[in-house]
Amino acid sequence: MKEYKIKEFIHKKTETVIYSMTAFVEGNTCLLFNKKSGHMFLTDIECFEMFQSKNISDGLLRKLDNRGFTNKYSANMQPYECEILPEFFMIDLTSNCNMRCKYCLRNVGSDNHFLQLSVLDGICDFINAYAEKYNLKDISIQPWGGEPLLALDLILRLRNKIHPTNTRVHFSIETNGLLLNEQNAQLLYENKIGIGISIDGYKQLHDGQRVTKDGKGTHSVVEKNLINSKNLFGSRLGTITTITKKNASHVEEILDYFVRDLKLEHVKFNFVHDSLFFNCEELCVPEEEISETIIRLLNKIVKLNEEGLTIEEHNISVKLRNILTRRFTDICHSAGCCGGKKMIVFDMNGGIYPCELTDTPGEAIGNIGDGVDLVKVVNSSITIQDYFTPKKEKICDECDWYVFCRGGCTVRAISRGNRPPKIDRIECAVNRSLYPALIELILTKPKIVNKILGCEIL
């Protein structure tokens, strides 16, 4: 695939300004990418040659207008900005956990500290009133911890109490899987609560980093419960895998295990990052290895789908949709960090946070007991909390993908001790290698892109 930079120029006949863009060319196919708005235009080599000669036909100009590549309609095609209207809510049920993962990002304990019923009910009332006031059509609720299944009774109470009028409520949890026995899985299934199970690969890899409080491996129980749960949830069941220095070189084998042995179709891989509570520096993957690992992961996913197997990795799919549809599909990866703007976390004291920062009270932006309007609270916090400070460095100026990442994950930046937050180096390393590879995949293997996304988009 060849890459060309096309500088801004003026269409002489209409005096329309055609913005600078990047052209990716493979064979007779060309993808034009507008890094200002994040929109793309998939065309052929003849159109690309028009750009090189600066001789744009009227028909092509109209198409460029409609896609925000010119100043004619660009006011309607600006980069997506998160509307301040939270729709995803995480509720901290417990600080207790029955595991001690070697990279844990939370200050977990075994003090049996659970969300009090009065606070839980207050959070439910707060969410119900908010959703009704702003006429929300859909909201998503994710109880978490610690290990949320230690508080299964609270999860079911939330399920019964959050029911705003005329709003669809989607429930899900992410669990370490140890308590996901047949009875608990059946309860979750009957109550329409989706599940994501954390599993870091096959036994040797998983047991090297996801252990019990006394240091014992957990893979055998997690695998058994995962298989039983999949019998109920089918292909809707998803998994979350943390990539560390110990398992990064084995991502192909992990995917084979997931697809061929566990028959999974939906997975998610996240790179480990610094923790404020555990010394996991030796597990963090260097930036140059992050770039190489994400490409190997993509290549393996492509290969498995070419073999006729079905496997979709969530983060890769989000970034494919960023390029192809430029719709907001992800709180973290489609328009930078939208914590607070699209996502809210409630702690065990009713504190309101923009993301999973309930272990650091200084990040709170309010409390349900204050009788506050959530949207007003976020708007006010944006002007005073450095969590919301825009993240940009010199490297971002020339990057085509900044329109999507806006400096990446704020939590990752904060966990490295940067206040105000600097750019997220993990996301930067991923995007600089992954987005060009995805564009090449779009140009060369459109059928595989359709298969990965589960729809005929190309």
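The values are calculated or read from the model by the stated rules, or taken from the named source; none is laboratory data. Computed from a predicted structure; not experimentally measured. Using ideal geometry, Cβ is built from the backbone for each residue, glycine included, and neighbour counts are taken over all protein chains shown. Accessible surface areas use protein heavy atoms only, side chains included; no ligands, DNA or RNA. Shrake-Rupley method; radii C 1.70, N 1.55, O 1.52, S 1.80 Å.
Here the simple spin-label model places points 7 Å from the Cα toward Cβ, and for I10 and I382 these points are separated by 3.5 nm.
Three principal axis extents describe the C-alpha atoms of segment 348-458; from largest down they are 55, 34, 23 Å. Solvent exposure of the chain, expressed per residue, is 44 Å² of accessible area, with all protein chains present and a 1.4 angstrom probe.
Extension gain, L309-K2: 0.36 nm per intervening residue step, less the Cα-Cα distance, totals 107.5 nm. Quick one: go through segment 375-391 and flag any residue whose amide nitrogen is under 16 Å from the point 7 Å out along the Cα-to-Cβ line of L276. Correct set: 385-389. To the nearest 10, the accessible area of E440 is 80 Å² with a 1.4 Å probe.
Each principal axis of the Cα atoms in segment 191-315 has its own extent, and those three values, largest first, are 38, 36, 25 angstrom. The charge dipole of segment 385-458, taken about the Cα centre with unit charges on the Cβ atoms of Lys, Arg (+1) and Asp, Glu (-1), comes to about 240 debye, rounded to the nearest 20.
The helix-based estimate of mean residue ellipticity at 222 nm for the chain, built from -39,500 (n - 2.57) per DSSP H run of four or more residues and divided by its residue count, is -10500 deg cm²/dmol to the nearest 500.
What's the magnitude of the charge dipole for the chain around its Cα centre, counting Lys and Arg as +1 and Asp and Glu as -1 at the beta-carbon? Answer in Debye, nearest 20.
On the way: 57 positive and 59 negative charges, 175 e Å.
In total the dipole reaches around 840 debye.
Against the compact-protein benchmark of 2.2 N^0.38 Å, the Cα-based radius of gyration of the chain scales to 1.02. Extents of segment 243-373, taken as max minus min of Cα coordinates on every principal axis and listed largest first, are 56, 38, 29 Å.
Assuming a viscosity of 0.692 mPa s and a temperature of 37 °C, what translational diffusion coefficient in µm² per second does Stokes-Einstein assign to segment 74-200, Rh being the Kirkwood radius over Cα pairs? If you can, show how the numbers build up before the last one.
Working: Rh = 16.0 Å.
Translational diffusion coefficient: 205 µm²/s.
Counting charges near L357 (Lys, Arg +1; Asp, Glu -1) among other residues having Cβ under 11 Å from its Cβ returns a value of -4. For Y189 and N349, the difference between the fully extended length at 0.36 nm per residue and the C-alpha to C-alpha distance is 54.7 nm. To the nearest ten degrees, helix 152-161 and the longest principal axis of the Cα atoms of the chain are 60 degrees apart. Within the chain, antiparallel bridges make up roughly 45 percent of the DSSP beta bridges whose residues both belong there.
When the accessible area of the chain is computed with all protein chains present and a 1.4 Å probe, what percentage of it is carbon and sulfur?
48 percent
Can you check what the net charge comes to around G238, using other residues whose Cβ is under 12 Å from the Cβ of G238 (Lys, Arg +1; Asp, Glu -1)? After counting each charged neighbour, the total is -1. Our summary gives the chain a relative contact order of 15 percent, counting only alpha carbon pairs under 8 angstrom and 6 or more residues apart. Only Lys, Arg, Asp and Glu carry charge here, each on its Cβ (+1 for the first two, -1 for the last two); on that basis segment 12-140 has a dipole of about 520 debye about its Cα centre.
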